[in-house]
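Student: Let me give you the structure first, and then I'll get to my questions.
The values are calculated or read from the model by the stated rules, or taken from the named source; none is laboratory data. Source: prediction; values computed, not measured. All Cβ positions, glycine included, derive from the backbone under ideal geometry; neighbour counts span all protein chains shown. Remember, those area values only see protein heavy atoms, side chains included, never the ligands or the DNA or RNA. Shrake-Rupley method; radii C 1.70, N 1.55, O 1.52, S 1.80 Å.
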Amino acid sequence: MKYVVWVWLLATTQLYAQDSTLLTLEQCQQLAREHYPLLRQKQVLDSILKLQVKNTNTAYLPQAELNGQATYQSAVTEFPFKVPGVSIPEFSKDQYRATIDVKQLLYDGGATRQQRELQTIQQQTEQQKVEVELYKVKQQITQAYFNALLAAEYIQAARLTQQDLQQRIDRLNAGVQNGTVLPSNVDMLKAEQLRASQQEISADASRSANLAVIQLLTGYETTGAVKLSLPAAAQVTSTDTLNRPELQLYQLQSAALNQQARLTATKPLPRISAFVQGGYGRPGLNMLKNDFTPFYLGGIRLNWTLWNWRYNRTEQNILRLQQQNINQQTETFTLNTRVQLAQQQTEIGRLQQTLEKDTEILTLRARVKDASAAQLDNGVITVHDYITDLNAVMQARVDQSTHQVQLALARINYQLIKGY
């Protein structure tokens with residue numbers, strides 16, 4: 001059975017032009033996701049990754065450096081002998097050199113590729129953190145939606161009670177005019193009607209508060225007429241598959257640690273690069289010529305760290321411990337989630353059994369109330385007796401509506417806990 005409750009909410013100018021617009025839970029969840037400011041962070045993260053990868057790829061592009069040097073030294077090379085007829089130059093103690101060095105990386109043990117892959121996984125991890133926050137928003141908007149539905153059911157029950165009381169008041173007023181009914185009996189019914197009106201006001205305030213939450217989370221303005229509908233019964237399956245964004249986050253964090261370990265493993269590998277150096281200075285490459293001269297040289301350079309005090313091994317041990325920590329967090333979260341699922345299944349079963357009795361209770365209470373109304377009209381029972389039976393009907397009606405909304409929420413929460 002589908003229950004539709006009228007609430008006040010303005011969506012857009014187009015929606016305002018209509019008498020009413022149906023706003024479903026799925027629409028609210030989607031709107032809340034699109035409206036949440038953190039969602040825009042995903043685009044920023046994509047831009048950051050592109051820039052990081054661009055910088056990383058420059059490792060295989062030629063690198064140029066400008067270097068300058070001016071020195072003064074206390075002694076220079078001197079020849080300990082003199083050759084007749086040969087002028088041996090004297091070297092200056094002040095020396096100058098300016099060079100441009102160009103180097104091209106040829107091999108880095110795969111470090112650049114591993115760094116690029118690590119940046120990609122780290123970006124995916126940050127993206128998943130956003131999904132975890134969006135999942136919390138989904139839970140929040142779902143709770144507000146059902147609270148608004150529940151408040152609307154209370155309003156409906158209070159209005160029906162006021163209608164029943166008004167019917168009795170109209171009939172007893174005729175008796176008062178004829179002198180067969182005491183005015184105090186009508187006053188008691190009016191007082192009870194006012195109490196039902198207070199309950200309606202309280203429920204309406206609760207509905208307004210939840211609509212305000214919906215407005216903040218979705219960006220809607222709550223000034224137009226919109227219908228909120230009780231969602232169709234969600235299927236509750238007993239599969240063990242969990243699709244929570246937190247679990248996906250743990251998987252990405254674990255993958256990032258594995259990739260970090262692969263990157264660390266490239267640090268002890270040799271690096272090979274080609275280089276060209278051109279410069280101008282005194283002395284040049286010819287040490288026997290004490291004049292400013294241009295020069296150049298080129299070649300292949302090998303860099304290989306043979307000993308770094310077991311830094312890489314320690315780094316690998318740290319990553320291994322961090323991996324164990326992630327695994328323990330995953331196991332703990334999975335256990336807690338399955339406990340929540342078991343509790344939710346028990347709640348669903350309880351509500352189903354309760355609802356089976358609600359219909360029968362409401363039918364019986366309605367019969368008693370109708371009989372009391374007839375007896376009141378005939379002066380057989382007092383107004384107090386009738387009010388007691390009427391309140392029992394109202395409570396039965398509220399209980400049934402509440403349990404229907406709670407059951408629908410319990411089924412949806414079960415799916416949310418599983419991550420669907």
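Student: Out of Leu242, Leu302, Leu257, any idea which swings most in a Gaussian network model of the chain, alpha carbons joined below 10 Å?
Tutor: Taking springs between Cα atoms under 10 Å, the residue moving most is Leu302.
Student: Could you give the length gained on full extension between Asp94 and Ala265, defined as 0.36 nm per residue of separation minus the Cα-Cα distance, in nm? Let's see the in-between values first.
Tutor: On the way: separation 171, 0.36 × 171 = 61.56 nm, distance 4.55 nm.
Roughly 57.0 nm would be gained on extension.
Student: Based on the mean of other beta carbon atoms within 10 Å per residue, what is the order of 143-155, 335-347, most packed first?
Tutor: Numbers: 143-155: 22.2, 335-347: 13.7.
Going from most to least packed, we get 143-155, 335-347.
Student: Moving to a separate point now. At Gln143 and Leu297, where each label point lies 7 Å from the Cα along Cα→Cβ, what is the point-to-point distance in nanometres?
Tutor: A separation of 7.2 nm, rounded to one decimal place.
Student: Let me ask another. How large is the helix-only mean residue ellipticity at 222 nm for the chain, computed as the sum of -39500 (n - 2.57) over DSSP H runs with n ≥ 4, divided by its residue count, in deg cm²/dmol to the nearest 500? Numbers along the way, then the final one.
Tutor: Details: 8 runs with 260 residues, N = 420.
When only DSSP H runs of four or more count, the value is -22500 deg cm²/dmol.
Student: In nm², what is the average projected area of the convex hull enclosing the Cα atoms of the chain? Please report the intermediate quantities before stating the final value.
Tutor: Values: hull surface 144.1 nm².
Here the figure is 36.0 nm², rounded to one decimal.
Student: Provide the packing ranking of 303-309, 377-383, 118-124, i.e. peptides ordered by the mean count of other C-beta atoms within 10 Å per residue, highest first.
Tutor: On the way: 303-309: 8.9, 377-383: 14.1, 118-124: 18.7.
In descending order of packing, they fall as 118-124, 377-383, 303-309.
Student: Which ³J(HN,Hα) values, rounded to whole Hz and listed in residue order, are derived for the range 50-56 from phi using the Karplus coefficients 6.51, -1.76 and 1.60 in 6.51 cos²θ - 1.76 cosθ + 1.60 with θ = phi - 60°, glycine and proline given as x?
Tutor: These are the phi-based 3J(HN,Hα) values: 4, 5, 5, 5, 4, 5, 5 Hz.
Student: Right, another one. Taking N as the number of residues in the range 114-232, what is its Cα Rg relative to 2.2 N^0.38 Å? Before the final figure, lay out the partial values.
Tutor: Details: Rg = 25.5 Å, N = 119, 2.2 N^0.38 = 13.5 Å.
Rounded to two decimals, the normalised Rg is 1.89.
Student: Jot down the radius of gyration and Dmax of the range 20-115, Cα atoms only, both in angstrom.
Tutor: 32.4, 115
Student: Continuing with the same structure: Tilt of helix 25-35 relative to the longest C-alpha principal axis of the chain, in degrees (0 to 90, nearest 10)?
Tutor: Once rounded, one gets 30 degrees.
Student: A further question on this structure: Compute the relative contact order of the chain as a whole-number percentage, counting only Cα pairs closer than 8 Å that sit 6 or more residues apart in sequence. List each step's numbers first, then the result.
Tutor: Numbers: 547 pairs, mean separation 105.5, N = 420.
Contact order relative to length: 25 percent.
Student: Residues of the range 248-269 with backbone nitrogen within less than 13 Å of a virtual label 7 Å along the Cα-to-Cβ line of Glu133, please, listed as ranges.
Tutor: It comes to no residues whatsoever.
Student: Working out 0.36 nm times the residue gap between His35 and Asn290, then minus their Cα-Cα distance, what length gain in nm do you get to one decimal?
Tutor: On the way: separation 255, 0.36 × 255 = 91.80 nm, distance 7.38 nm.
Once the chain is fully extended between His35 and Asn290, it gains 84.4 nm.
Student: Need one word for the range 149-303: rounded, prolate or oblate. Basis is the Cα gyration tensor (sqrt eigenvalues a ≥ b ≥ c); a/c below 1.5 gives rounded, then a/b vs b/c decides. Let's see the in-between values first.
Tutor: On the way: a/c = 8.34, a/b = 3.97, b/c = 2.10.
Verdict is prolate for the range 149-303.
Student: Please tell me which of these pairs span more than 29 angstrom C-alpha to C-alpha: Lys54/Lys138; Lys190/Lys369; Lys190/Lys357; Lys129/Lys227?
Tutor: Lys54/Lys138; Lys190/Lys357; Lys129/Lys227
Student: Can you give me the Rg/Rh ratio for the range 85-181, using Cα atoms for both radii and the Kirkwood formula for Rh?
Tutor: 1.85
Student: Working from Cα positions, state the angle (0 to 90°, nearest 10) between the long axis of helix 383-418 and the longest principal axis of the chain.
Tutor: Helix 383-418 sits at roughly 20 degrees to that axis.
Student: Probe of 1.4 angstrom, ligands and nucleic acids ignored: what's the accessible area per residue over the chain, in square angstrom?
Tutor: Values: 24960 Å² over 420 residues.
Accessible area per residue: 59 Å².
Student: Here's something else I'd like to know. Let me know the shape class of the range 305-420, please: from the alpha-carbon gyration tensor, a ≥ b ≥ c as square roots of the eigenvalues, rounded when a/c is under 1.5, otherwise prolate if a/b is greater than b/c, or oblate. Mind dumping the intermediate values first?
Tutor: Numbers: a/c = 7.95, a/b = 5.63, b/c = 1.41.
Prolate, because a/c is 1.5 or more and a/b exceeds b/c.
Student: On to the next question. Pulled fully out, how much extra length does the chain show between Ala64 and Ile272, if you take 0.36 nm times their separation in residues and subtract their Cα-Cα distance? Can you show the working numbers first?
Tutor: On the way: separation 208, 0.36 × 208 = 74.88 nm, distance 1.64 nm.
The span from Ala64 to Ile272 would gain 73.2 nm if fully extended.
Student: Ranked highest first by the average count of other Cβ atoms within 10 Å around their residues, in what order do 203-212, 63-72, 30-39 fall?
Tutor: Details: 203-212: 17.5, 63-72: 10.0, 30-39: 15.7.
Those peptides, ordered most packed to least, come out 203-212, 30-39, 63-72.
Student: Taking every Cα atom in the range 277-325, find the radius of gyration and the maximum pairwise distance Dmax, and write them in Å.
Tutor: Calculated on Cα positions, Rg and Dmax stand at 22.9, 66 Å.
Student: Sticking with this one: Given H placed on each backbone N at 1.01 Å, which residues far from Asn290 in sequence or on other chains put an amide H within less than 5 Å of it?
Tutor: Sorted by chain and number, the residues that satisfy this come to none at all.
Student: Quick one: with all protein chains in place, what share of the accessible area of the chain is carbon or sulfur, to the nearest percent (1.4 Å probe)?
Tutor: Details: 13410 of 24960 Å².
Percent of accessible area from carbon and sulfur atoms in the chain: 54.
Student: Just want to confirm a number: the relative contact order over the range 301-409, from Cα pairs under 8 angstrom separated by 6+ residues, in percent. Walk me through the intermediate numbers first.
Tutor: Details: 37 pairs, mean separation 30.8, N = 109.
Worked out over the range 301-409, it gives 28 percent.
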